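Okay, structure first, notes after.
The values are calculated or read from the model by the stated rules, or taken from the named source; none is laboratory data. Here the structure is a predicted model, which is why all the values come from computation and not from measurement. All Cβ positions, glycine included, derive from the backbone under ideal geometry; neighbour counts span all protein chains shown.
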Amino acid sequence: MGEEMQLRVVDFARAPSVTDQVFDQLYHQVVELVLPPGTKLSEVEVAKQMGVSRQPVRDSFYRLSQLGFLLIRPQRATVVTHISEEDVMQARFIRTALEMETVRAASGRLTSAEMDELDDLIRQQQSAIDDGNRVLFHSLDDDFHKRICDMSGNHFAWALIRDSKAHMDRVRYLSLSFGAQSALDDHVRIMEALRNQNGHVAAATMREHLYRIQTIIGRIRESHPSYFSEGEKSFP
């Protein structure tokens with residue numbers, strides 16, 4: 001494993017489960033490219049660093065492999081997969097279809113308190129950009145989209161989106177070095193449509209927002225060619 005990886009000892013006293021904590025840490029390490037594509041992982045080493053038994057690590061490896069983030073090879077090292085453009089585009093299609101409907105459903109039903117909450121998330125996103133904090137912005141970006149799903153009355157949608165968007169997350173994170181402000185500007189326009197109770201415009205703006213990945217993935221690939229697969233499809 002890369003020397004830069006630093007994992008926290010798992011806190012057994014709190015929820016969620018040990019497996020969930022291991023999974024969450026590894027998920028974020030992969031998405032934030034702390035564990036870049038091609039990194040070899042060992043159950044024994046990860047378990048030792050995190051202070052857990054091998055079973056939750058094994059379970060987390062399996063969950064990550066189901067998302068397409070890890071390639072588990074019997075009797076050989078587990079490897080962080082390369083980014084597949086095909087998988088990213090498939091994820092974008094699924095996410096766009098779901099989020100256009102959730103933002104459309106949210107239009108016209110948001111309370112003043114909910115509007116204030118979304119506005120506050122946008123203010124926090126701007127502060128994260130000003131501070132150059134990509135990790136925080138990425139988290140707040142997810143919070144903004146998740147809360148719209150929740151407020152639309154379709155709480156189940158985010159679980160589907162979260163799993164399908166995994167392939168987009170590494171590209172999205174890389175794009176924040178130059179595209180965070182554009183993403184935030186899109187959020188502001190989505191909020192304007194929601195405030196005007198215009199579901200059609202909100203859905204159209206959401207589509208434009210999520211489709212940006214289609215125009216930036218080439219730029220990301222040019223700057224990080226080693227992160228991408230050559231025609232390889234990583235999703236199981």
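Structure above, values below:
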{"item": "Selection count, the range 140-156, where residues are at pLDDT 95 or above, in a helix (DSSP H, G or I) and not basic (Lys, Arg)", "result": "10"}
{"item": "Residue count for the range 88-113, restricted to those that are touching a residue at least 24 places away in the same chain (Cβ under 8 Å) and either among the small types (Gly, Ala, Ser) or under 20 Å from residue 26 (Cα atoms) (or both)", "result": "6"}
{"item": "Subset tally (residues that are buried (at least 17 other Cβ atoms within 10 Å of the Cβ) and under 16 Å from the mean Cα position of the chain (by Cα)) for the range 66-79", "result": "4"}
{"item": "Single residue of 182, 175, 139 found to be out of contact with any Leu (no Cβ under 8 Å at 6 or more places or on another chain), in the same structural domain as residue 104 (by TED's automatic domain parsing), of a type in the set (Ser, Thr, Tyr) and in contact (Cβ under 8 Å) with a residue 40 or more places away in the chain", "result": "175"}
{"item": "The range 30-47, subset assigned to a helix (DSSP H, G or I) and in contact with a Ser or Thr (Cβ under 9 Å, 6 or more places away or on another chain), residue farthest from residue 6 (Cα to Cα)", "result": "43"}
{"item": "Exclusive hit being touching a Cys at 6+ places or on another chain (Cβ under 6 Å), farther than 20 Å from residue 174 by Cα and among the polar types (S, T, N, Q), set 78, 102, 19, 111", "result": "102"}
{"item": "The listed residue being modelled with pLDDT under 95, among the small types (Gly, Ala, Ser) and not in a helix (DSSP H, G or I), out of 132, 108", "result": "108"}
